[in-house]
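The values are calculated or read from the model by the stated rules, or taken from the named source; none is laboratory data. Computed from a predicted model, the values in this text were never measured in an experiment. All Cβ positions, glycine included, derive from the backbone under ideal geometry; neighbour counts span all protein chains shown. Areas reflect the complete protein model, heavy atoms only, side chains present, ligands, DNA and RNA absent. Shrake-Rupley method; radii C 1.70, N 1.55, O 1.52, S 1.80 Å.
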Amino acid sequence: MRYFGTSNYTAWQMMKTLGSAEVNRLQKPVSQQIYYTPESREAEYELLPMALDQDIGTLVWGPLGEGLLTGVVRRGNKTPASHRQGSGWPEPYVHDMDRAFDVIEVLAEVGAQLDASVAQVCLAWLATRPGVTSLIVGNRTEAHLRENLEAMSLTLSDEQRQRIEQVTRQAPQYPYWHRFTAGMDRIDPAEKPFLDEHRQTLDNRKDLSQR
C-alpha cells in the first residue's frame, strides 16, 4: 500500500491519526474524504483548515448533496419518486429546508446567467474553494457524467462566487465568534480564508446595531 486516506473523520481524529503515525514512524494518511456542499459548509470550521495546515488532500463526496443540488429539487415542485430526494432517502441532513431552497434558487439564477445547470454551478463553485483537491461525482447516466465534467470548464465571476458564498454562509460558531468579537488575532493562515468570510456576518450585524 503506497497511500491511504480517511473518510468521514473529525479533525481531532485525523490529528490523532497523524500524531500517532509520526510518533510510531508509520505511514500517514494523505487525504480525507468528506461531505461538503454550498448548502452544508460545516467542514470549513475544522476539517478544511486542518487539511490546509497538514497538507492533506480533500476529496469531496456527494458534492451535489446526494441529488439535492442537481436542479430537480425546487421550491414549489414535487420531487419525482424516481429521484433519490423524492424516494425517502434520509440524506443529506438539512437543518433548514427553506434556506436550502434559497441556495438552490441562487445557483439556478447564476446558472441562467452562464447558460449552465444548477449542478454545474454547484460543482464549479466547490472546485474553487480553499483546500478542495477533487470532487467525487456519482452518475447514473452518461449524460449526467458529461454535464458534470463540463462544470470544470465553467468560470464563475468574482461577483457570482461571492453571491453564492453570501447566501450559503452559516453563522459563526464558537470559539470563532468569540475571537472575532474580542478582537483576538489568533487566526491561523489555514483557517483565515474561511473565517474572513464568516467574520463579515458579525461585522454586518455590528453595523446594523449602530444605525
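Taking volume of the Cα convex hull per residue in Å³ as the quantity of interest, determine which of (i) 105; (ii) 143; (iii) 157 was computed from the displayed structure.
Only one option fits the structure, namely (iii).
Test of understanding: what is the full-extension gain from Ile136 to Asp158, defined as 0.36 nm times their sequence separation minus their Cα-Cα distance? Could you put the intermediate results ahead of the total?
Details: separation 22, 0.36 × 22 = 7.92 nm, distance 2.44 nm.
Contour length minus Cα-Cα distance gives 5.5 nm.
Please report, in debye to the nearest 20, how large the charge dipole of the chain is about its Cα centre when each Lys and Arg carries +1 at its beta carbon and each Asp and Glu carries -1 there.
Approximately 380 debye in magnitude.
As a check on your grasp of the helix formula, calculate [θ] at 222 nm for the chain: sum -39500 (n - 2.57) over DSSP H runs of n ≥ 4, divide by the residue count, round to the nearest 500.
Taken over the chain, the calculation gives -13500 deg cm²/dmol.
How charged is the neighbourhood of Ser153? Take every other residue with its Cβ under 13 Å from the Cβ of Ser153, and add Lys/Arg as +1 and Asp/Glu as -1.
Around Ser153, the charge tally is -2.
I need the phi-derived Karplus couplings for the stretch 147-156: 6.51 cos²θ - 1.76 cosθ + 1.60, θ = phi - 60°, integer Hz, Gly and Pro marked x.
These are the phi-based 3J(HN,Hα) values: 4, 5, 5, 5, 4, 6, 9, 8, 10, 8 Hz.
Report ³J(HN,Hα) in whole Hz for each residue of the stretch 22-30, in order, from the Karplus equation J = 6.51 cos²θ - 1.76 cosθ + 1.60 where θ = phi - 60°; Gly and Pro get x.
5, 5, 9, 6, 10, 5, 9, x, 10
Report in % the part of the accessible area of the chain that belongs to carbon and sulfur, leaving out ligands and nucleic acids; probe 1.4 Å.
50
Dipole of the stretch 94-183 (Lys/Arg Cβ +1, Asp/Glu Cβ -1, origin at the Cα centre): which of Asn139, Leu123, Pro172 lies farthest to the positive side?
Pro172
Heads up, I need the accessible area for Val23: 1.4 angstrom probe, whole protein in place, Å², nearest 10.
120
Could you pull the accessible area for Phe4 with a 1.4 Å probe, rounded to 10 Å²?
We get 60 Å² for Phe4.
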